[in-house]
Amino acid sequence: MSLVKINSAPMTCDHWIAGEHRGPASGQYRDVVSPYTGAAIGKVALGGKADADAVVSAAQNAFPAWRATPIKERAQLLFRFRDLVLANLEELSHVAASESGKTFGEARAEVLKGVEVTEFALALQNLDSGGIMDVSRGVSCELRREPLGVVAGIVPFNFPAMVPMWMYPIALALGNCFVLKPSEKVPLTSQIMARLSKEAGFPPGVFSLLNGTKEAVEALIDHPSIKAVGFVGSSPVALDVYTRATALGKRALCLGGAKNHLIVVPDADEALTVRGVVDSFTGCAGQRCMAASVMIAVGDVDHLIEKIRKTAAELPIGAGMGAIIDKGALDRIRHHVDAAEKDGAKVIVDGRESKAPAGREQGFWFGPTIIDHAKPSMACAREEIFGPVLAIVRVKNLAEALALESANPFGNATSVFTTNGAVARHVADNATSGMIGINIGVPVPREPFSFGGTKTSKFGHSDITGESSLDFWSNLKKVTTKWSLQSDASWLS
């Protein structure tokens, strides 16, 4: 298992404007801290309105020529970019892990998932070329998919490579110019991607970076030339971004948080269930919107709970599960576990006192935690904890399980573990989430199937990836043509 390498030379993360690094107008930076060590591994520019104006202006200048570039030529540049990402996979994986707290394997997997979306974008030249047909005598109708202009993506800390790549490959393939605002906690990976975009041959201004915090986000959303905003983050912020953007008449698709449920029934396969549940709530240290955070135990599944408890308790911190993003997140997770215990739930795996890996004692570590006999009313079963914490709620039957799932205000994912096809079908038909898993703890769709939840996990229409995303990042133009009068013309023609 590869250990995460922490770069000894801190990286400066400036804006990427017109294909070049540019410092912030304010001259201000903040440290980028590795969750592994608690030490600074770089510094990031703090942008504002002047920086947003410069980024968008460069993108506007690039748009006419990029829009006029045939989609096959855009795809060729994306293909070169894909190859460069794969050629730099080792570096990207270590950097993404060091700034987000992931294990090396998790970071590598997220880069490869981003490559998968890029490959889907490469296929758009063949998948979505529009069409033309004769609709009446002497009359034809043509469908064209056209770019919006300059669009923006605002992304979170937990997937510094993958989540941005959910957005910009598809948006760029469709002819938009893209401005990425990475999380100020994890800007290093995006700096490498900007460099690779230039090596791939993207014209200056086609792909840009605006760094910063809330001020940069608001300046980007408010800029009159930004036509659409994609966002991934917590639900309260997602709603704020959606409301702000749409109030200005912009297109917005904002993905929020989750409280994903795993329904486990007595006939579930032991190996599939134990591995699926543990991997789901501990992967990326629980810091992903598809992580399981509530297990609904239907009937007598004590034998499975004991296996899950034992497997989670033996997971090595550092090698088997990464770090928490920062001290604030660490304190929030600890507070939830303390509150659940105080409210009468039983902590059967306790990560509060987990030992840090040797040499990385100053990092932010919290071990796998399982809270049994949680009640649906408890905060640990209702609120997004965003850490390696699983709450187990016990119910008598599948109807109670689905009622609990339906009452969940979030709607990202629901999974069921069973060997009974009728049970699986019933859950798939009646669960209210946007992504359903059957014996899969993290039911992320693969391309071309699209990623997107329901309820307060998503504000806006379409999905962020897959075929559904095309309608978000582009417009449909319809051209109706007639060249001569027909002798049998009617009011229809």
>> Relative contact order of segment 265-393, please, whole-number percent, based on alpha carbon pairs below 8 angstrom and at least 6 residues apart.
In response: 32
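Extension gain Arg332-Asp267, at 0.36 nm per residue separation less the Cα-Cα distance, in nm? Each step should come with its number before you reach the end.
Numbers: separation 65, 0.36 × 65 = 23.40 nm, distance 3.56 nm.
That works out to 19.8 nm of additional length.
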>> Suppose a student asked you for the relative contact order of segment 276-331, using Cα pairs under 8 Å spaced at least 6 residues apart; what percent would you report?
In response: 40
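Add -39500 (n - 2.57) for each DSSP H run of 4 or more in the chain, then divide by its residues: what number comes out at 222 nm, to the nearest 500 deg cm²/dmol?
Values: 16 runs with 188 residues, N = 493.
Only helices count here, giving -12000 deg cm²/dmol.
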> Counting only the backbone N, which residues of segment 190-208 are under 18 Å from the spot 7 Å out from the Cα of Asn61 toward its beta-carbon?
Replying inline: 198, 202-208
> What ranking do 18-27, 144-153, 173-182 get when scored by the average of other Cβ atoms within 10 Å per residue, highest first?
Replying inline: 173-182, 144-153, 18-27
> In straight Cα distance, which aspartates and glutamates are under 12 Å from Lys478, not counting same-chain residues fewer than 8 positions off?
Replying inline: Glu142, Glu146
>> Suppose the chain between His21 and Ala313 were pulled fully straight at 0.36 nm per residue; how much longer would it get relative to their current alpha carbon spacing?
In response: 100.6 nm
> What is the count of Lys pairs in segment 260-438 whose alpha carbons sit under 16 Å apart, if the two are 8 or more places apart or on different chains?
Replying inline: 5
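Name the helices (complete DSSP H segments) of the chain with a Cα length along the long axis of 15 Å or more and a Kyte-Doolittle mean of at least 1.0, or state none. Kindly include the intermediate steps, with their values, before the conclusion.
Working: long enough: 49-68 (29 Å, -0.01); 71-87 (24 Å, 0.31); 89-100 (16 Å, -0.06); 104-122 (27 Å, 0.38); 162-173 (17 Å, 1.37); 188-200 (19 Å, -0.01); 235-247 (18 Å, 0.35); 270-282 (18 Å, 0.53); 302-313 (16 Å, -0.57); 327-342 (22 Å, -1.01).
Length and hydropathy pass: 162-173.
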> Hey, can you rank 335-346, 109-120 by average C-beta count inside 10 Å, highest first?
Replying inline: 109-120, 335-346
> Where in segment 108-149 does the label zone of Leu485 land, with the point 7 angstrom along Cα→C-beta and an amide N cut-off under 17 Å?
Replying inline: 137-139
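Give me the dipole magnitude in Debye, nearest 20, for segment 55-152 about the Cα centre, with unit charges on the beta carbon: positive for Lys and Arg, negative for Asp and Glu. Please report the intermediate quantities before stating the final value.
On the way: 11 positive and 13 negative charges, 67 e Å.
In debye, rounded to 20, segment 55-152 gives about 320.
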> At a Förster distance of 56 Å, what's the computed FRET efficiency of Asp83 paired with His303, Cβ-Cβ distance as r, to 0.05?
Replying inline: 0.70
> Separation of segment 178-244 and segment 301-375 by C-alpha centroid, Å?
Replying inline: 33
> Can you count the Lys pairs in segment 145-272 whose Cα atoms are under 24 Å apart, with each pair 8 or more apart or on different chains?
Replying inline: 11
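Would you work out the relative contact order for the chain, in percent, from Cα pairs under 8 angstrom that are 6 or more residues apart? Provide the component values of the computation, followed by the final result.
On the way: 1153 pairs, mean separation 89.9, N = 493.
That works out to 18 percent.
Count the DSSP beta bridges whose two residues both fall in the chain, then state the antiparallel fraction as a percent rounded to the nearest 5. Walk me through the intermediate numbers first.
Details: 30 of 73 bridges.
Antiparallel: roughly 40 percent of the beta bridges in the chain.
Given R₀ = 22 Å, FRET efficiency for Thr69-Leu239 by Cβ-Cβ distance, to 0.05?
Values: r = 36 Å, r/R0 = 1.64.
The computed FRET efficiency comes out at 0.05.
Values quoted throughout were computed directly from the atomic coordinates according to the rules given, and no laboratory measurement underlies them. All values derive from a computational prediction rather than experimental measurement. Every residue, glycine among them, receives a Cβ derived from its backbone with ideal geometry; neighbour counts consider all protein chains shown.
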